[in-house]
Amino acid sequence: MKPEFELLVRACGLARGLPVKGPAEQSEFPSGFDQALFVSMAIQHKVAGTAYSGLKKLGLGDSLVLEQSARLKQHAAQGQFIRAQIMEEAYAISSALAAQGIPALVIKGAASSIQFYGDPFVREYDDLDMLVNLPEIEPLVPILAQLGWTQIDKFLQKSSKYPKSKLIKRWHHGIFWNEEHNLRLEVHDRTGWQEESFHIDDIDTIFTRSVQLNNGQYKFVSLHPTDQALLALVHGTKHAWCLLHWLLDMAHILYTSSDEEVCAISSKVQALDMEAQLELAANVVTALYPIELPTAIASIVTHEKNIRKSTDFALKRLEVGGTDVASIRNSLVFFTCYSFPFLHGPKQKLRSAVNVVKILPQDAEALPLPRHLLFLHLFLRPFFSVSRHISSYIKRPKEKREDTNV
């Protein structure tokens, strides 16, 4: 583990009230410590504000050079401002959809911060996620347009050339953009929810158990706390726990949940046959933070399922912040070594296998071949993968381009 990542893990753990491996206080950075890399990692892992708070707890708040301190503080301040806007928009959109009789829940980001930490500003998030109990998002488009939201993923949904081609990967959400606030909205519909490869609860059950969150002047409906925790587990598994941003939530759940909450989570995990997902999360969390698992959770984590390769894959993706997950090699390893323990039955395994070879929408946009030639994208994928890697490399700060792990 790089010293920069080790310190990031420790600082974020202290900021979130978690036990940490290593000292809880120190007077200076280790010899050879790369401050620019540390800040880049904090930004990549979406924990700039948490990292800065953790540095102050460690006693290193004033030890960053001016340039890196300003960079970290800027991202933290921007995050706070964006979260305030997201809270306003969550309330406005929820109210508008409720007025139209459309069942909608605010999920993940804003809701998780309130439910996990009791504060909408503790947990970092920079977009708004909503779940609607509709088979598709089309009925929402004019309603959201009146609120300033424009759909930006029309290629896949509306293209006359590729009308929902089965060769092109369908994102599990519709994406909208608000120019006034520079905010992104992801709307998850019923179809996308049910087509997730990893096990997840029935959407009608989710809506039946929903609760209202009230944060002073803003209120909206969200998932039941147990369902929010299970969604965090599913989402982290889906992305191989590649960001500290997500792992901190799971560590918080495992460390601070009451006996009643833990029992509810463990019962739901067993009912949905998600023991392997929970064991993976526990493995990754305890590899970074010395947390003693609650009894109800520990009794499920029996180590009977063979997920060692999945754990190793996730830990490697985590240290590099998921910057290598789009490579062809990792796509294949994700399918062949990582994901199989979490898939249930031949249908899910077949869907996962098919997803490996499906064409990414951005690749089809970059080279819009005739429909009968779309299959050629399967052979062109290495080219697009290299192109995306080069593009990402160019966009990095010049001083960090030599480090491909940022």
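The values are calculated or read from the model by the stated rules, or taken from the named source; none is laboratory data. Remember, it's a predicted structure, so these values are computed and weren't measured experimentally. Every residue, glycine as well, gets a Cβ built from its backbone with ideal geometry; the counts of neighbours run over all protein chains shown. Please note that ligands, DNA and RNA were not included when accessible areas were found on the heavy atoms of the full protein model with its side chains. Shrake-Rupley method; radii C 1.70, N 1.55, O 1.52, S 1.80 Å.
Compute the signed sum of charges (Lys and Arg +1, Asp and Glu -1) over the other residues within less than 15 Å, Cβ to Cβ, of Ile86.
Once positives and negatives cancel, what remains is -3.
Residue by residue, what Karplus-based ³J(HN,Hα) values in Hz, rounded to whole numbers, does segment 76-85 have, using 6.51, -1.76 and 1.60 with θ = phi - 60° and x for Gly and Pro?
5, 5, 4, x, 4, 5, 5, 5, 5, 5
Grab the Cα-Cα distance for Cys337 and Ile143, subtract it from 0.36 nm times how many residues apart they are, and report the gain in nm with one decimal.
Extending this stretch completely gives an extra 65.5 nm.
Going by amide H atoms built from the backbone, whose H comes under 5 Å of the H on Phe121, apart from near neighbours?
none
Please report, in debye to the nearest 20, how large the charge dipole of segment 8-59 is about its Cα centre when each Lys and Arg carries +1 at its beta carbon and each Asp and Glu carries -1 there.
240 debye
Quick one: net charge of Ala240's neighbours, Cβ under 10 Å, K/R +1, D/E -1?
Net of charged neighbours comes to +3.
Determine the dipole magnitude for segment 199-273: charges of +1 sit on the beta-carbon of Lys and Arg, -1 on that of Asp and Glu, nothing else is charged, the reference point is the Cα centre, and the result goes in debye to the nearest 20.
Dipole of segment 199-273, to the nearest 20 debye: 240 debye.
Which of the residue pairs Lys56/Lys238; Lys56/Lys219; Lys21/Lys57; Lys21/Lys46; Lys46/Lys108 have a Cα-Cα distance greater than 25 Å in the structure shown?
Among Lys56/Lys238; Lys56/Lys219; Lys21/Lys57; Lys21/Lys46; Lys46/Lys108, the Cα-Cα distance tops 25 Å for Lys56/Lys238; Lys56/Lys219.
Compare Met250, Met1 by solvent-accessible area with a 1.4 Å probe and give them largest first, with all protein chains kept in place.
So the residues, ranked largest to smallest area, are Met1, Met250.
Which chymotrypsin sites (Phe, Trp or Tyr not before Pro) in segment 202-231 pass both tests, a DSSP loop state and at most 12 other beta-carbon atoms within 10 Å?
Loop-located and lightly packed - none at all.
Once the other residues with Cβ under 13 Å from the Cβ of Gln228 are scored (Lys, Arg +1; Asp, Glu -1), what is the net sum?
-1
Tell me, what are the semi-axes, in whole angstrom and largest first, of the equivalent ellipsoid of segment 1-84 as set by the roots of 5 times the Cα gyration tensor eigenvalues?
19, 15, 11
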